1. Answer yes if at least one residue in the stretch 177-196 is away from ligand 3 (no atom under 16 Å from the Cβ), touching a residue at least 12 places away in the same chain (Cβ under 8 Å) and touching a Gly at 6+ places or on another chain (Cβ under 9 Å), and no otherwise.
2. Does Thr58 qualify as being out of contact with any Pro (no Cβ under 6 Å at 6 or more places or on another chain), buried (at least 18 other Cβ atoms within 10 Å of the Cβ) and of a type in the set (Ser, Thr, Tyr)?
3. Can you find a residue that is within 16 Å of ligand 1 (Cβ to nearest atom) and of a type outside the set (Ser, Thr, Tyr) anywhere in the stretch 138-146?
4. Only one of these is more than 16 Å from ligand 3 (Cβ to nearest atom) and either open to solvent by 60 Å² or more (accessible area, probe 1.4 Å) or not in a helix (DSSP H, G or I) (or both): Ala124, Ala214, Ala159. Name it.
5. Checking the conditions here, which among Ala172, Ala140, Ala155 is on the phi > 0 side of the Ramachandran plot and out of contact with any Phe, Trp or Tyr (no Cβ under 7 Å at 6 or more places or on another chain)?
6. Would you point out the residue of the stretch 180-201, among those that are away from ligand 2 (no atom under 12 Å from the Cβ) and closer than 18 Å to Ile245 by Cα, that is most open to solvent (accessible area, probe 1.4 Å)?
7. Which pairs turn up if I take residues in the stretch 264-284 that are in a helix (DSSP H, G or I) and look for partners that are open to solvent by 10 Å² or more (accessible area, probe 1.4 Å) with beta carbon separation below 6 Å, at least 6 apart in sequence or on another chain?
Amino acid sequence: MSSEPTQLQSSHAVILVIDDSPDVHRLLGARLKSEPIDLICAADGAMGLRMARELRPTVILLDIDMPGMDGFEVLRQLKDDTPTHDIPVIMLTGMQSPQDKVTAFDLGAVDYICKPFDLTELRARVRSAVRSSRLVQMLAQRAQIDGLTGLYNRAHFDARLKDELSGCQRHARSLSLAVFDCDFFKQINDTYGHPAGDEVLIGIAETLQRECRASDIPCRYGGEEFCLIMPDTPPDDAFRVCERIRQNLGAMVWPRHPERSITVSVGLVGARKPSHELTAAEWLETADKNLYTAKQTGRNRTIITDLMSGSTLAKAG
Ligand code: GH3
Ligand code: MG
Ligand code: MG
């Protein structure tokens, strides 16, 4: 999840053709030349699967009848693999057998095109598959975004923390994780109303985004709790980031309640070289424990655990 799919960087749709016939590659290239697409070709199933995983094309055109691994087997593997599962696949079939079409649909193909290709039909079917692919992609992205603050939501956080932790463990790179919780937030809602509370949440999200690095991942965990994943950041650097965020928030004047400032408590955990022994859930648990200690010892402070030295340190504002 750390690298974004290629298609997000290009306005052109990327179409991957998997077909053993070079003539078909040439023919499709010529027929689809006028479309706003980039066409890439694979000559067999194994190469096609590799390219699909690496390039995440918008749509795949897949020949059924290929020597070695046939199109049905390729389709099965595409649908079994998370990175390629949602890519729409159009089957290319030379045969008129209804059973092949039924099998293809059962395995998860969205459409089929019969050879020899009818030009207008081919373009219409490719365009329609590109449209549905973009829709699925947009919905998948939205499902990971918090509606109020625009930050990543908890679903994204859970998957992303696991991902970043295993990457940092594998490459012996530092990692830190912070949990922020707004102090006495319920009082803001109760005293100034829910919209004022919402504005505070948006303000916290904006501060997190502004004060962290582009490679950091701020998320809304839920309610008035936020998480910040900081890859390649040792705990002492992460501590400085958290303190800067905490102090900036504490100094902000809020238009709806200029007389009432906002503070946050922070639980932080980090390691220069994350060990393979601790899971993402255990990292979060440690950060949460530190947050609890921050609340118990007066709020508006950061409590940090350095997993290498095993030390817990409290700093108050
Ligand atoms: P503490 O200092 O111990 O963290 O106290 P607190 O009042 O911040 O914590 P508590 O968990 O008691 O209250 C959290 C409140 O956050 C309760 C809930 O109604 C409110 N809340 C959760 N989500 C939203 C939201 O999206 N908008 C607003 N305005 N309030 C929310
Ligand atoms: Mg809370
Ligand atoms: Mg709170």
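1. Yes, some residue in the stretch 177-196 is away from ligand 3 (no atom under 16 Å from the Cβ), touching a residue at least 12 places away in the same chain (Cβ under 8 Å) and touching a Gly at 6+ places or on another chain (Cβ under 9 Å).
2. Numbers: out of contact with any Pro (no Cβ under 6 Å at 6 or more places or on another chain): yes; buried (at least 18 other Cβ atoms within 10 Å of the Cβ): yes; of a type in the set (Ser, Thr, Tyr): yes.
Judged against the criteria, Thr58 is a match.
3. yes
4. Numbers: Ala124 fails: either open to solvent by 60 Å² or more (accessible area, probe 1.4 Å) or not in a helix (DSSP H, G or I) (or both); Ala159 fails: either open to solvent by 60 Å² or more (accessible area, probe 1.4 Å) or not in a helix (DSSP H, G or I) (or both).
Answer to the selection: Ala214.
5. Unique residue meeting the criteria: Ala172.
6. Among those that are away from ligand 2 (no atom under 12 Å from the Cβ) and closer than 18 Å to Ile245 by Cα, it is Glu199.
7. Listed by first residue and then by second, the contacts come to Ala280/Lys162.
Quick grid of which residues meet (1) within 16 Å of ligand 2 (Cβ to nearest atom); (2) of a type in the set (Asp, Glu):
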site: Leu228; (1), (2): yes, no
site: Glu243; (1), (2): no, yes
site: Gly267; (1), (2): yes, no
site: Gly270; (1), (2): no, no
site: Pro274; (1), (2): no, no
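The values are calculated or read from the model by the stated rules, or taken from the named source; none is laboratory data. Quick caveat: nothing in here was measured; it's all calculated off a predicted structure. Here Cβ is always computed from backbone atoms with ideal geometry, including for glycine, and neighbour counts include all displayed protein chains. Surface accessibility is based on the protein's heavy atoms, side chains included, excluding ligands, DNA and RNA. Shrake-Rupley method; radii C 1.70, N 1.55, O 1.52, S 1.80 Å.
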